[in-house]
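Peer 1: Input: one structure, supplied below.
The values are calculated or read from the model by the stated rules, or taken from the named source; none is laboratory data. This is a predicted model, so every value here is computed, not measured. All Cβ positions, even for glycine, are placed from backbone atoms using ideal geometry, and neighbour counts span all protein chains on display. Only protein heavy atoms, including side chains, enter the accessible area calculation; ligands, DNA and RNA are left aside. Shrake-Rupley method; radii C 1.70, N 1.55, O 1.52, S 1.80 Å.
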Amino acid sequence: MERRNYTVAVDLGSSSVVVAVGEKPADGKMSVLALVSKPVEGVNAGRIDNIELVSRAIREAVSEIEEQLGIRITEAYAGISGDFVRCARHTDHVYVYDPQTGVTQKDVDALFDRMRNVQAPDDETIMERIPQNYMVDDSQEVKNPVGSFGKKLSSTFNFILCHKTPIQRLDMALRRLSIKMLGVMSDALATPEAVLLPEEKEEGVAVVDIGDGVTDVTVYYRNVVRYTVSIPMGASAINRDIRTMGVPEKHVESLKRKYGSAVAELAPEDKLIRVNGRTSREAKDILLKNLATVIEARATDIAEFVLQEIKDSGYASKLAYGIVLTGGSAQLKDIGELFHRVTEMDVRIALPDASVDEASAERVASPAFSTAVGLLIKGARQGACAVVEHISIPASVSAQGQGAAVESAAPQMPANAAASVPPAAQPGVAPVAPVPPASGTIPPRTAAPERTTLASRPAAQPQRGAVPPVAQPETRPATQSASAVPQPQGRPVAPLGQVPPHVQQATPVPQQQPLQQPVQQPVQQPFQQPTRPAAQQPAQPFRQQPLQQPAQPVAQQPYVEAEPLVAPDFDFSDDFEPVDSKRKRDWGSIFQKAFDKVNKSFTAAEDEEI
């Protein structure tokens, strides 16, 4: 099975979380395989306040994606946005190694090394370093300095900084789902990758991503990111104003999208909309003109903040293509007209369909998915994400596997496995050598004989002062039938003296004489440990021996009854004398001797002290 290069993106917003999985070929556009959006709570202006609610929403989106694609996600790229993300500029220089030959790539690399050594404040981390321009001898600005003549090479870099705490919380939310965050990116840098055209990046444009709690602004000029900022205001501010009109919170968003308008002049003056309350008597009629007036007031504030940030970037007069609006709130009616009136720039509302293939254009046909697609594009440049692919078994293969399982459960054995079964022992028949299975086949697995576990054996209680009895060897009379011998399960057993039907006949061989094993006589010790009466002997556990194939038939196998073993000699102390097993110990005399010995030792100690 060919391994696919998946890229996974997690776009966590203030009101929703979008999880997307895509695949980008080497010479083509991004192919979005699946995309899921789920509502989320516990995020305020891009900052995670409740990690439990956030993890639950991400889990729902990830689970739905995994079910659609038949994979398990283990790595992902994440986007982050908020007023804790900012940009800062830093200028540095290096001296050209050989001014006679001009600036080389080695000099440019040395300048980049100096920029990498720039340290961020203690509570912030550097997300990206973007070179703005190159200057040779502080007078000549060039796009590519390699080959220019001069003694000094300087450059200004744009550093994208972010506070550490929001990144750590986002990483913690993903680690709760066993997902490793391969990288975190600024949404302000990811969104333009999905909505901008090459000529817009070259001639100058400002991308405005209006979200629920944050509005991101990114300024492009000469194919370089010149300025980024996150304004902590979004569509949630508009929803709060609509809520003051007495509209229930659950109807605010649908009312704004269906009947709202960002320009009050374009709204009908005499049209009413009825909003249901808790009961039919509490239903309320709202004039669409008044609704548009409330929306326009707050949307104008957002547009004015955006215009001020564009002016602060210093590129307001260089943006030939004006403003590109995207994000979930860009779907608000007449929002483009409002921005055009406030900023006096050309405005267009962009979808992320220009950066994906034709098969994925319909799946991402909404401005709300621009950031997720941009994260996929930037993540694919850094490397694919590791996922676990579930291999699906075709129906034909599954049916064959079930049929094989039924055949293996039947009592009969395959023909090629009959030769691998050893024949039953009988007079004049030699065992048949096992035949190896055919090449490319797996021999059938036979069930192992049952074993007696330690838990099923009765535990003998040892007593103090007594030697544990030695287990007597098991004896079996010669007349015992072969059916009493344990046999492996799953294999038919023929009566004694007959060959099983599934075993081939072998050439008779001369019968061998049974071997007589000499019996070793036990060594007699001078002292024997007294034994208990037969009534007091505890039951000895039976230890089952592994079943072995006898060399002769069971009926003709000779058995020799072994003599009982004698316990070895023990070194008792001189104070204790051996006692005959037929009489009881005289404990009184034994204790008296012990006390006399102790008193004698005390008397010796007192004499020594005196």
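Peer 1: For the subset of segment 336-350 comprising residues that are more than 10 Å from Pro367 (Cβ to Cβ) and of a type in the set (Val, Ile, Thr), which member is least open to solvent (accessible area, probe 1.4 Å)?
Peer 2: Result: Thr343.
Peer 1: Among the residues of segment 142-200 satisfying the criterion of being basic (Lys, Arg) and either outside any strand (DSSP E or B) or in contact with a Ser or Thr (Cβ under 7 Å, 6 or more places away or on another chain) (or both), which is modelled with the lowest pLDDT? Before the answer, list the steps.
Peer 2: First pass over segment 142-200, keeping only residues basic (Lys, Arg): 143, 151-152, 164, 169, 175-176, 180.
Retained after the next criterion (residues that are either outside any strand (DSSP E or B) or in contact with a Ser or Thr (Cβ under 7 Å, 6 or more places away or on another chain) (or both)): 143, 151, 164, 169, 175-176, 180.
Details: Lys143: 84, Lys151: 90, Lys164: 94, Arg169: 95, Arg175: 95, Arg176: 94, Lys180: 94.
Applying the filter and picking the extreme gives Lys143.
Peer 1: Got a number for residues in segment 187-206 being surrounded by fewer than 24 Cβ atoms within 10 Å (Cβ to Cβ) and either over 15 Å from Thr228 (Cβ atoms) or touching a Leu at 6+ places or on another chain (Cβ under 6 Å) (or both)?
Peer 2: Final tally of qualifying residues: 7.
Peer 1: Scanning for something surrounded by fewer than 19 Cβ atoms within 10 Å (Cβ to Cβ), touching a residue at least 60 places away in the same chain (Cβ under 8 Å) and acidic (Asp, Glu), does segment 85-95 turn up at least one residue?
Peer 2: Taking every residue of segment 85-95 in turn, at least one turns out to be surrounded by fewer than 19 Cβ atoms within 10 Å (Cβ to Cβ), touching a residue at least 60 places away in the same chain (Cβ under 8 Å) and acidic (Asp, Glu).
Peer 1: Of the conditions (1) surrounded by 19 or more Cβ atoms within 10 Å (Cβ to Cβ); (2) outside any helix (DSSP H, G or I); (3) among the acidic types (Asp, Glu), Asp285 clears all except one; give me its number.
Peer 2: The single condition Asp285 does not satisfy is (1).
Peer 1: For segment 335-346, check the following and say yes or no: at least one residue is modelled with pLDDT under 50 and over 27 Å from Ser63 (Cβ atoms).
Peer 2: At the first step, the residues of segment 335-346 found to be modelled with pLDDT under 50 are none.
Within segment 335-346, none of the residues are modelled with pLDDT under 50 and over 27 Å from Ser63 (Cβ atoms).
Peer 1: Based on this model, can you work out whether Ile238 counts as under 43 Å from the mean Cα position of the chain (by Cα) and either modelled with pLDDT of 90 or more or of a type outside the set (Ser, Thr, Tyr) (or both)?
Peer 2: Against the criterion (under 43 Å from the mean Cα position of the chain (by Cα) and either modelled with pLDDT of 90 or more or of a type outside the set (Ser, Thr, Tyr) (or both)), Ile238 qualifies.
Peer 1: Here are some residues: Arg243, Arg222, Arg274. Which one is in contact (Cβ under 8 Å) with a residue 40 or more places away in the chain and not polar (S, T, N, Q)?
Peer 2: After applying the criteria, what remains is Arg222.
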